[in-house]
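Working notes for the structure below.
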Amino acid sequence: MDFVVEVRVGEGYSLRLPENIAKALGIKEGDRLILRLSGRVITIEAVEDPVELALHGEKFAKIESDEVEEVSIEEQRKYGIPT
């Protein structure tokens with residue numbers, strides 16, 4: 001679904017996101033956004049919350065606890081930390 005909305009630049013160069021756009025992107029007050037400028041085009045991209053992503057995002061890898069322990073021990077040895 002495409003949205004095209006005209007907005008006005010406010011005090012301090014602020015932009016107000018229309019509610020329907022914010023809701024479509026799942027943006028809430030306090031969320032972080034990335035603004036990209038290319039020529040005279042500004043792209044706005046929502047920044048994923050890493051905690052929310054870890055809890056509810058798509059999982060693409062799997063690691064067992066014993067594998068984590070092995071890597072931890074290797075790294076400790078590399079830095080001379082007794083294990």
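Kindly indicate the residue of segment 30-67 that is on the phi < 0 side of the Ramachandran plot and of a type in the set (Gly, Ala, Ser) and also farthest from the chain's Cα centre (by Cα) among those meeting that condition. Within segment 30-67, the match that is farthest from the chain's Cα centre (by Cα) is SER65. Of the residues making up segment 59-83, just one is surrounded by 10 or more Cβ atoms within 10 Å (Cβ to Cβ) and among the hydroxyl-bearing types (Ser, Thr, Tyr), namely SER72. Inside segment 1-58, residues that are surrounded by 10 or more Cβ atoms within 10 Å (Cβ to Cβ), in a loop (DSSP other than H, G, I, E, B) and touching a helix residue (DSSP H, G or I) at 6+ places or on another chain (Cβ under 7 Å) make up a count of 0.
Just so you know, all these numbers are worked out from the coordinates, no wet-lab data involved. Quick caveat, the model's predicted, so the values are computed rather than measured. All Cβ positions, even for glycine, are placed from backbone atoms using ideal geometry, and neighbour counts span all protein chains on display.
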